[in-house]
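Presented below is the structure to which this report refers.
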Amino acid sequence: MSPATLAPREAKQYKPEIPPDWCPGCGDFGVLTVLQRAVAELGIPNEELMIVSGIGCSSNLPGFFKSYGMHSLHGRSLPVATGAKMANHEMTVIACGGDGDGYGIGQGHFIHSMRRNVNMTYIVMDNEIYGLTTGQTSPTSEPGMKTKSTPFGNPEGQLNPMALALAAGCGFVARGFSGDINHLKSLYTQAIQYPGFALIDVFSPCVTFNKQNTFGWFKERVYKLEEAGHDASDWNAGMSRAKEWGAKIPIGLIYKNPNPKPSIDAEDPALQGKGLAKNQKLGLTNEQRKKLIEEYI
Ligand SMILES: Cc1ncc(C[n+]2csc(CCOP(=O)(O)OP(=O)(O)O)c2C)c(N)n1
Ligand code: SF4
Ligand SMILES: [Mg+2]
């Protein structure tokens, strides 16, 4: 089902009874609210949407969203989301989690999911710290930053997820800020409609454990690429913007491949008809089916 052809819905249709239990003021509230508005605008039915996360404060998001969802293992949102997409490629699949989850323990899956070009959206709530485990450095923590795990200052270099995604062949690379929700919504809708792997790294401050990269810190620095004459169809221009960090940090669409290569689910001969999970005959007898089930229980 193409989100582009559906009638808009109301964001409240995606709000479950359980309210989020993030710390008051956590950036992840903005990420969640805007995602509910974006899928409502695209009219995606709850039962046609799957949100998969890893482990972390941010990874609790699927529990606060009325859709199919799975809170998987630390760093494993992408392989689980890939499996879901392969089993039913007609479904809209969104993977999400934190910077530690996706860029640390999940780094290998991150690179290979982009290389494979699985048709899904990946939202990373990047707070430059491990929030759930109470404030250790993550791959995107700034050098010199004092945390629980680096009391004398972070001696490690900072990972650049935008440049890494471009180098890995990702066709849609964007960065948002949970302090600018209208701008973020437009990135979400574009990413969900992109026919391939789409990454949105969202600055989503941890107000409890990261006292350095606060909402105010980001507000002083971020500028919108859409207002800066950036050509998002130019890979080299995207790489040059991706490298910017310091007094000015770009948010917005860094790169969108103007000629997207086919995603893996569009290429796979087994996935040319209906989703595998829908009305596909396995061709097994009852005996064979029973034997197979017994093997797994
Ligand atoms: C295999 C494994 N290793 C380590 C952990 C402990 N752990 C849980 S969440 C987390 C990091 C969370 O940071 P991030 O992914 O950035 O999410 P945030 O809490 O900041 O949103 C770690 C190290 C775990 N649950 N499983
Ligand atoms: S610890 Fe940080 S990331 Fe976790 S809920 Fe609180 S503010 Fe958000
Ligand atoms: Mg984090």
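Values in this text are rule-based calculations from the coordinates and carry no lab data. In this text the structure is predicted, and so the values were computed from the model without any measurement. Neighbour counts are summed over all protein chains in view; Cβ atoms, including those assigned to glycine, are modelled from backbone coordinates with ideal geometry.
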Seminar exercise, completed: Listed residues 60, 259, 119; largest mean-square fluctuation, Gaussian network over the chain with Cα springs below 10 Å, found at 259
Seminar exercise, completed: Taking placed amide H atoms and a strict 5 Å upper bound, the residues 5 or more places from residue 90 or on another chain that come that close are 275
Exercise. Can you work out ³J(HN,Hα) from phi for every residue in region 50-65, in order, using Karplus 6.51 cos²θ - 1.76 cosθ + 1.60 and θ = phi - 60°, giving whole Hz and x for Gly and Pro?
Worked result: 10, 10, 10, 10, x, 10, x, 4, 4, 6, 6, 3, x, x, 10, 10
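Helix-only mean residue ellipticity at 222 nm, the chain, DSSP H runs n ≥ 4 weighted -39,500 (n - 2.57), per residue, nearest 500. What is it?
Per the formula, -8500 deg cm²/dmol.
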Seminar exercise, completed: FRET efficiency for residue 156 and residue 21 from the Cβ-Cβ distance with R0 = 30 Å, rounded to 0.05, comes out at 0.45
Problem set entry | Those residues of region 194-223 whose amide nitrogen sits under 12 Å from the label point placed on residue 142, 7 Å along Cα→Cβ | 211-222
For this session: Would you mind giving the three semi-axes, in whole Å and largest first, of the ellipsoid equivalent to region 139-296 according to its Cα gyration tensor?
Result: 40, 23, 15
Exercise. Name the GluC sites (Glu not before Pro) in region 204-275 that are in a loop by DSSP and that have at most 16 other C-beta atoms within 10 Å, would you?
Worked result: 244
For this session: Express as a percent, rounded to the nearest 5, the fraction of DSSP beta bridges in region 116-247 (both residues included) that run antiparallel.
Result: 10
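Once the other residues with Cβ under 14 Å from the Cβ of residue 160 are scored (Lys, Arg +1; Asp, Glu -1), what is the net sum? Present the calculation step by step, with values, prior to reporting the outcome.
Details: positive: 175, 241, 243; negative: 99, 126, 128, 142, 156, 201, 244.
So the environment of residue 160 carries a net charge of -4.
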Problem set entry | region 1-48: mean projected area of Cα convex hull, nm² | 3.7
Exercise. In region 157-178, which residues have a backbone nitrogen under 11 Å from the label point lying 7 Å from residue 223's Cα in the Cα-to-Cβ direction?
Worked result: none
For this session: Report the label-to-label distance for residue 105 and residue 90 in nanometres (one decimal), using points 7 Å from each Cα along the Cα→Cβ vector.
Result: 3.5
For this session: Step through the residues of region 243-259 one at a time and calculate ³J(HN,Hα) from phi using the Karplus curve (6.51 cos²θ - 1.76 cosθ + 1.60, θ = phi - 60°), rounding each to whole Hz and writing x for Gly and Pro.
Result: 7, 6, 7, x, 5, 10, 10, x, 10, x, 7, 7, 8, 9, 4, x, 10
Exercise. Counting alpha carbon pairs within less than 8 Å and at least 6 residues apart, what relative contact order, in whole percent, applies to region 45-194?
Worked result: 18
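Could you please rank 126, 201, placing first whichever residue has the fewest other Cβ atoms within 10 Å of its Cβ?
On the way: 126 29, 201 24.
Lowest to highest Cβ neighbour count: 201, 126.
State the dimensionless ratio Rg/Rh of region 205-297 (Rg: radius of gyration of Cα atoms; Rh: Kirkwood radius). Numbers along the way, then the final one.
On the way: Rg = 24.4 Å, Rh = 18.6 Å.
Expressed as Rg/Rh, it is 1.31.
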Exercise. Of the residues 159, 284, 225, which exhibits the maximal mean-square fluctuation in a Gaussian network model of the chain defined by a 10 Å Cα contact cut-off?
Worked result: 284
For this session: Largest first and in whole Å, give the semi-axes of the chain's equivalent ellipsoid, each being the square root of 5 times a Cα gyration tensor eigenvalue.
Result: 32, 22, 19
Exercise. Say each of residue 193 and residue 239 gets a label point 7 Å from the Cα, pointing the same way as Cα to Cβ; how far apart are those two points in nm?
Worked result: 2.9
